[in-house]
Structure formats: C-alpha cells, structure tokens
Amino acid sequence: MGHACGHNLIGAAACGAAAVAGRLLDGSAGTILVIGTPAEETIGGKVALLRRGVFRGIDAALMFHPSTEDRVHTTSLACHSLEVVFTGRESHAVASPEKGVNALTALLRLFALVEALRPALPREVRMPGIVVEGGRRPNIVPARVVGRFTLRAGSLRSLRKVERAFRTAARAAAASVGARVTLRSIDLPYAAMRTNEVMAALFKEELRALGRTTVDAPRKGMGSLDMGNLSQVVPSIHPYVAAAPRSAPLHSKAFARRAGGPRGRAALDAATRALAATALRLLEDPALLARARRELRRSRRESP
C-alpha cells in the first residue's frame, strides 16, 4: 500500500532537520550525520548497520515516525520473523488421499498449536502468521506449503523463550502428519525500544512550542522497531507525530492517503522543526548529552 506507515515523511524530516540545524550550528559544537537506514520493515536495516559499526561514535540518535497521535515516549516489542516450510507427499486428494502426506494439514495444526500456547505466555506476546503457499490444486494433496510468522515479546530474552516454544510446536505439527519441517529467519531480531527520557523531554517541549499536545499515557498497542536495537547502545528517541486521525490507522489505505496530503505535510513540518531544535540543544549543551548518556547506562543496569 505504498506509504501506509508514512515512511516517506521519515527520511524527509531527517534530511530537513539536518539541513536546518547545520545552518544554525556553531561548527565547533559537533557534527550532524544523516544516516539512511533502508529495509526497516523487511530485514531491519538499522540492525544490520549497527552490526557493521555504522553508528559507532554516535552520541545521540533521533528520528520521528508518523502516527495518529503525538507521543514522545515510545515503547515497542522485540520481534523476529520466521518462515516455516512443511514438506509432505503428493497424491490424488480424492482417489487416493491415504497415499499422500498433507503438508497443509501440518501448517493448519501449527496455527492451532500457536493459539493453544497463548494462555501460558505473557500477555504482550504476539504470534501472527499467514499462509504464503498452501498448495496448487484442491484435488492434489499439498506436498509443500509455506507459512510466515512474526514472533513478538516484551524483551529479547522473552522472545527467545517464545521462539523455542514456536519451533517445538512446528516440529510437533510436522510429526503429527508425517511431514518434514524447516524453519528459517527472514529478518534480524528487533530489540524493544528504550526511549531516552532526557531527549524525549526536549522533543516534547519543542512540540508544545508548535502547539501540539502529546499523549503520555502508556501505549495500549505497539509494534516493533529496528530503532529498538540502536536505542540499547545509543541514547535515542523515536517520537510519533500525528499525520492522520485515529480513524486512519497505520498500514491502511486511509493512512497512505494522509501521508501524501496536507495532514502529512503538517506533520512533516512539525517533526522537522522539533528534530532540528532538539539536535541543536543537545549539541550546544554538553550537560544535556551527558545526562542522556548517564540515563542510558542506568537503564541498562536496571533492565532484567
């Protein structure tokens, strides 16, 4: 659906904020970098770049994300996506079904097993899945089917436990029909977002100066962000700026229309201004950066 999450505005705001701050910055205060991080919702671009040292030496990382509300404190779930392939044996589904091994039955049983796991897992755990390939014709016992699942949990530690349970369920589903199963990772694991409160407070002040009021209550629903991994090692913020009404949720055609319209441009303007101002304040006041770094160290010590 194109920019149904408003990613067209993310890059524009980063470039715009850097251009504005660069013009106003005293050159002795520091350096502003604009780092493009593609494939955010496929493999996790920031995770790949972080592993390759692209963010080494960075004092603070700032970006924004379009939303249906203004929010500076961002939380997210740890995430890892897996592809599951069940392999059985073809046969005529009417004349001789007993001679086949139905791989689709194994995949459907995996969906049922995933549902059965939920009561024993933490409430925030999510395991949505889809059938990518379910067979070729209804009169042929499917010999190969493919499913994709996104596993999410409150932390990477919890996610690892969820993934072990999921893999056990996949093997049990395969064994129940006599099929084989293989699993492969289709993205890099995302860590939960660690919002830096010092930086978030600065961004909130800048939004307030622009006439925007933030929602500060805990998030009722959340997704996953590759910014989460970066936030574990660099003081980071990932605030949301409203680009659409609540009736146009993320990943919908209605949101995509707003992201390219007047409401999206208004969010882009506000985000660009707030990002530039926040970056300048961090660069020009070493004490603020020092506080942000201390907070990160403290929160890492306190994390389970």
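Laboratory data are not the source of any read-out in this text; all were calculated from the coordinates shown. A quick note: this is a predicted structure, and the numbers were derived from the prediction, not measured. Because the Cβ atoms are built from the backbone with ideal geometry, glycine has one as well, and the counts that use them run over all protein chains shown.
For a protection proxy built on the mean count of beta-carbon atoms within 10 angstrom, sort 192-202, 226-236 highest first, please.
Highest-to-lowest ranking by the protection proxy: 226-236, 192-202.
Give the residue from Gly135, Ala39, His7 lying farthest towards the positive end of the charge dipole for region 1-143; charges sit on Cβ (+1 for Lys and Arg, -1 for Asp and Glu) and the dipole is referred to the Cα centre.
Of the options given, the answer is Gly135.
Using Cα positions and a limit of under 27 Å, work out the lysines in reach of Lys46, with same-chain residues fewer than 8 apart set aside.
Lys161, Lys204, Lys220, Lys253
What does the extension gain come out to for Arg265 and Arg23, with contour length at 0.36 nm per residue minus their alpha carbon separation?
Gain on extension, Arg265 to Arg23, equals 84.9 nm.
Just report the Cα centroid separation between region 175-223 and region 66-91, whole Å.
Taking the Cα centre of each part, region 175-223 and region 66-91 sit 12 Å apart.
For Ala217 and Ala175, what is the calculated FRET efficiency with R₀ set at 35 Å and r taken between the beta-carbons, to the nearest 0.05?
That pair, Ala217 with Ala175, gives E of 0.15.
Among [x] 79, 43, 34; [y] 77, 52, 29; [z] 59, 45, 41, find the value of Cα extents along the principal axes in Å that was calculated from the structure presented, and write down its label.
[x]
Could you point to the residue in Asn196, Leu183, Leu296 farthest towards the positive end of region 170-304's charge dipole, with +1 and -1 charges on the Cβ of Lys/Arg and Asp/Glu respectively?
Farthest along the dipole direction, towards plus: Leu183.
Can you tell me, using C-alpha contacts under 8 Å and at least 6 residues apart, the relative contact order of the chain as a whole percent?
Reported relative contact order: 31 percent.
Quickly work out the Val54-to-Arg157 label distance, labels modelled 7 Å from Cα along the C-beta direction, and quote it in nm with one decimal.
Between Arg157 and Val54, the label points sit 3.0 nm apart.
Give, as ranges by residue number, the residues of region 132-168 whose backbone N falls under 15 Å from the point 7 Å along Cα→Cβ of Ala120.
Only 161-168 fall inside the zone, counting backbone N under 15 Å.
Which value at 222 nm does the chain reach when only helices count, each DSSP H run of 4 or more adding -39,500 (n - 2.57), with the total divided by all residues and rounded to the nearest 500 deg cm²/dmol?
So the helix-based figure for the chain works out to -13500 deg cm²/dmol.
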